[in-house]
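Okay, so here's the structure we're looking at.
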Amino acid sequence: MSDDEYNFGDSAAEDDEDILDLGNDSRGKKSAAAPGYAWEEQYQRSWDVVQEDAAGSLAGVVAGIIEAGKRKRLLKDTTPIQRGIIRHLILVLDFSSAMAEKDLRPNRQELTITYACDFITEYFEQNPISQLGIIGMRNGVAVRISEVHGNPQDHIAALQALRKQEPSGDPSLQNALEMCRASLQHVPTHGTREVLIVFGALLSSDPGDIHKTIRNLVQDKIRVRIVGLAAQVAVCAELCRATNGGSNSAYGVILNEHHFRDLLFEATTPPTQTTKKAASTLITMGFPSRAIESVPSLCACHSIPLRTGYSCPRCSSKVCSLPMECPTCGLTLVLSTHLARSYHHLFPLRNWDEVPWDKASKSTSCFACLAPFLTTPITSGKEKGRGSSGRFACPQCGNHFCVDCDVFAHEHLHNCPGCESSSPARKQKLLAAEPENGATTNGDAMQID
């Protein structure tokens, strides 16, 4: 290449740079005023959100972000609604070849099994007198993983055994739904019939008309909720809409791992009763006593020799865990604590109000854990929660609590420590302040005779 050609190339490059600079100048004002793409508005970099305060510290900012995340989970509707607390749910998991994708780490199947085990534990924690079964989809057929019963350890053990199997084939929604119908046919009228599907594929290999199966599900009053891992599928949207009275809230597609967990754990709350029953149904339950024997004997549920167990009050059969149905006489065996834990869904604890700084001088420490509060405001910034006092007041008793006690009271305790520790005279005064129609409650403890 000659020098002239080389110099010409440089001048051409300079001309190109001038053209680019002119283009940028001409679009400067327009691009600044025009809004960006939708995905650019939703995307935020964490290093742009977290900024130092006036003292150059990040401790207050990080604490405010963590506190805002905890409070976000608690801001939900606490209006008492009639719900079915005796639930029968079938968990359907996709084990097709689509679950081998690694868009979720380590892959879809491994993360689904991990979240499913956590879901089972939380499901029985929130619904102790309910039952659950697991069905898998692979190679175009439905495989029963565990029967419908109330022992979470058996369900988790059955799921852990599936980690060694590789995903294969195509899923079949119709075969899985037909197996769910057969499993839920024996459910009495006082129990709910629910199906929760984790669907990772974009197709369904069905042997017949799935629309006929959907009509049968509606006739059997079975509600279906689907968590999609890939994209929205038309037949899944139609299935959820038809079985949930026209509502689209039962079908969701995940955005990331945290969203996957949130959508899955939404099913731990019992569904609302959409239809009024003609008459109330009385349920026969047995409250067995714990027995300790000197010589091991076989339990009626697993045929395992044990020295401890629970004796059925009707037939005196021994079972190893509660709650469950007696294998001999079919009596539902529960403890009084199980009923009390299911009671909080009907009368949830009301949300606590954030205390502003002008009213924060009332307390210097948390009423429950005695953790000290901040006495002076943190230098405020644009981020929400940086100027928070860290106090949250119960609207009924007026006591101040920290955010950790707020989360614990609403997610686990389901009662206000300040209201429960009040004197009997004050409790009567607080109850008298409630509306006559009972529209609002504060998670009062269930009284069991």
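The values are calculated or read from the model by the stated rules, or taken from the named source; none is laboratory data. Please read these numbers as outputs of a predicted model, since none were measured by experiment. Quick reminder, even Gly has a Cβ in these numbers, built from the backbone with ideal geometry, and neighbours come from all protein chains shown. What goes into the accessible areas is simple: the full protein's heavy atoms, side chains included, and nothing from ligands, DNA or RNA. Shrake-Rupley method; radii C 1.70, N 1.55, O 1.52, S 1.80 Å.
Condition check ((1) open to solvent by 20 Å² or more (accessible area, probe 1.4 Å); (2) modelled with pLDDT under 90; (3) in a strand (DSSP E or B)) across all residues:
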site	(1), (2), (3)
Val227	no, no, yes
Val235	yes, no, no
Phe260	no, no, no
Ser280	yes, yes, no
Tyr310	yes, no, yes
Gly330	yes, yes, no
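Considering only the range 49-57, I want to know if a residue exists there that is over 30 Å from Leu282 (Cβ atoms), modelled with pLDDT under 90 and surrounded by 16 or more Cβ atoms within 10 Å (Cβ to Cβ). Lay out the reasoning, then the answer.
Within the range 49-57, the first condition is being over 30 Å from Leu282 (Cβ atoms), and the residues that meet it are 49-57.
This time we only want the ones that are modelled with pLDDT under 90, so: 49-57.
Okay, now just the ones that are also surrounded by 16 or more Cβ atoms within 10 Å (Cβ to Cβ), so 53.
There is at least one residue in the range 49-57 that is over 30 Å from Leu282 (Cβ atoms), modelled with pLDDT under 90 and surrounded by 16 or more Cβ atoms within 10 Å (Cβ to Cβ).
Hey, can you tell me all the residues within the range 109-137 that are open to solvent by 20 Å² or more (accessible area, probe 1.4 Å) and closer than 15 Å to Gln165 by Cα?
Glu110, Thr114
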